[in-house]
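Some notes on the structure that comes next.
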Amino acid sequence: MIKRLIQITAVLIMLPISVASFAQIDRFVAGTHYVELDNPVNTRDSSKVEVIEAFWYGCSHCFRFEPLVVNWEETAPDYVDFTRFPAMWNGLMKIHAQVYYTAEALDALGTVHEPVFDAINIKGNRLQSEASIGELFAEHGIAKEEFEKTFNSFGVRTKVNQAEKRMQDYQIRSTPNMIVNGKYVITTGEAVRTQADMLAVVDFLVEKERTAMSKAGE
C-alpha cells in the first residue's frame, strides 16, 4: 500500500512537468501562428537553420521592426543562418531591392542599410531615382562612379530578378515576414499580435528544425 502511494505521488509530481512540456510543444500551431509552405524552398546552407527577414525599406512596420530584428540577430545561436530578403510587388520596391543588392555587392550594408531606412521613413526621401540613391551612397563614402557601375551591373539585376521569383516561392504578401528554413512563414496577425511575438514563433520553429536536423543526423 505504501509503495503504491509512493508511485501515485511520483506520478502527480511529474504531471505538471509533462503538461508544461506538451503546452510548449503545442504553443504555436501551423495554420494559426505560421504558414507551412507546400513546397519548401532550398536554403543556402543546409548545415544550419536559415532565418530570413522579408522586408521593404519603405515599410513603416519594417522600420519599427529593425531594432528588434538586429537585437535578435546579435543573440542568435551559431547554428542559425540569418539573412534579409527585399520583398517586391511594384516598381518602387524593385528599385529598393536594387538598392539592397547594390549595398551588398559593395560590402556596404553595414554602412547604408540603416541610413536608407532613415531617409525614407524619417526624412521623407522616397529614394525613387538613381540620382537620389547615388547621393545617399556618396554621403557614406561610396564614389559616384563605383555606385553607378554596381547599381546597373548584371550581377545586381540578376539578384533582383531572382528575388522577384522567390517572392512567389515564399508566398510573401506583406512585410515584414520571417521565413524559417525555407518551410515556414510568420507574420503578425490575429494570433501573432506583435513583432516580438513573431520572433517568439521564429525561435520556436528554429528549435523545431534544429531538433529535426539532429535526429536526421543520428
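The values are calculated or read from the model by the stated rules, or taken from the named source; none is laboratory data. Keep in mind it's a predicted model, so treat the numbers as computed, not measured. With ideal geometry, Cβ positions are generated from the backbone for all residues, glycine too; neighbour counts draw on all protein chains shown.
Side notes on the structure shown:
- Within segment 189-204, if we keep just the residues that are without any contact (Cβ under 8 Å) to a residue 60 or more places away in the chain and in a loop (DSSP other than H, G, I, E, B), the residue that is nearest to ASP81 (Cα to Cα) turns out to be THR194.
- With respect to being of a type in the set (Lys, Arg), over 30 Å from SER214 (Cβ atoms) and either surrounded by fewer than 19 Cβ atoms within 10 Å (Cβ to Cβ) or touching a His at 6+ places or on another chain (Cβ under 9 Å) (or both), LYS159 falls outside the description.
- Residue within segment 65-72 that is touching a residue at least 40 places away in the same chain (Cβ under 8 Å), surrounded by fewer than 16 Cβ atoms within 10 Å (Cβ to Cβ), within 30 Å of SER47 (Cβ to Cβ) and aliphatic (A, V, I, L, M) present: yes
- Taken over segment 43-64, the criterion of being in contact with an Asp or Glu (Cβ under 8 Å, 6 or more places away or on another chain), buried (at least 17 other Cβ atoms within 10 Å of the Cβ) and among the acidic types (Asp, Glu) is satisfied by GLU50 alone.
Residues checked against (1) in the same structural domain as PRO176 (by TED's automatic domain parsing); (2) at pLDDT 95 or above; (3) in contact with an Asp or Glu (Cβ under 8 Å, 6 or more places away or on another chain):
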{"site": "GLU73", "(1), (2), (3)": "yes, yes, no"}
{"site": "ALA97", "(1), (2), (3)": "no, yes, yes"}
{"site": "ILE120", "(1), (2), (3)": "no, yes, no"}
{"site": "ASN125", "(1), (2), (3)": "no, yes, no"}
{"site": "GLU130", "(1), (2), (3)": "no, yes, yes"}
{"site": "ALA138", "(1), (2), (3)": "no, yes, no"}
{"site": "ILE142", "(1), (2), (3)": "no, yes, no"}
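- Matching residues, segment 145-167, being among the charged types (D, E, K, R) and touching an Asp or Glu at 6+ places or on another chain (Cβ under 9 Å): GLU148, LYS159
- Filter result (at pLDDT 95 or above, acidic (Asp, Glu) and surrounded by fewer than 16 Cβ atoms within 10 Å (Cβ to Cβ)) within segment 204-218: GLU207
- PHE147 surrounded by 15 or more Cβ atoms within 10 Å (Cβ to Cβ) and more than 25 Å from VAL41 (Cα to Cα): yes
- Matching residues, segment 35-63, being touching a helix residue (DSSP H, G or I) at 6+ places or on another chain (Cβ under 7 Å) and either without any contact (Cβ under 8 Å) to a residue 60 or more places away in the chain or of a type in the set (D, E, K, R) (or both): GLU53, PHE63
- Look at segment 147-170: where a residue is acidic (Asp, Glu) and a partner is modelled with pLDDT of 95 or more, sitting 6+ places away or on another chain with Cβ atoms under 8 Å, you get GLU148/GLU130; GLU148/GLY134; GLU164/MET88; GLU164/LYS94; GLU164/ALA97; ASP169/LEU37; ASP169/ASN39; ASP169/VAL41.
- Failed item, numbered, when LEU109 is tested on (1) in contact with a helix residue (DSSP H, G or I) (Cβ under 7 Å, 6 or more places away or on another chain); (2) over 21 Å from ILE52 (Cβ atoms): (2)
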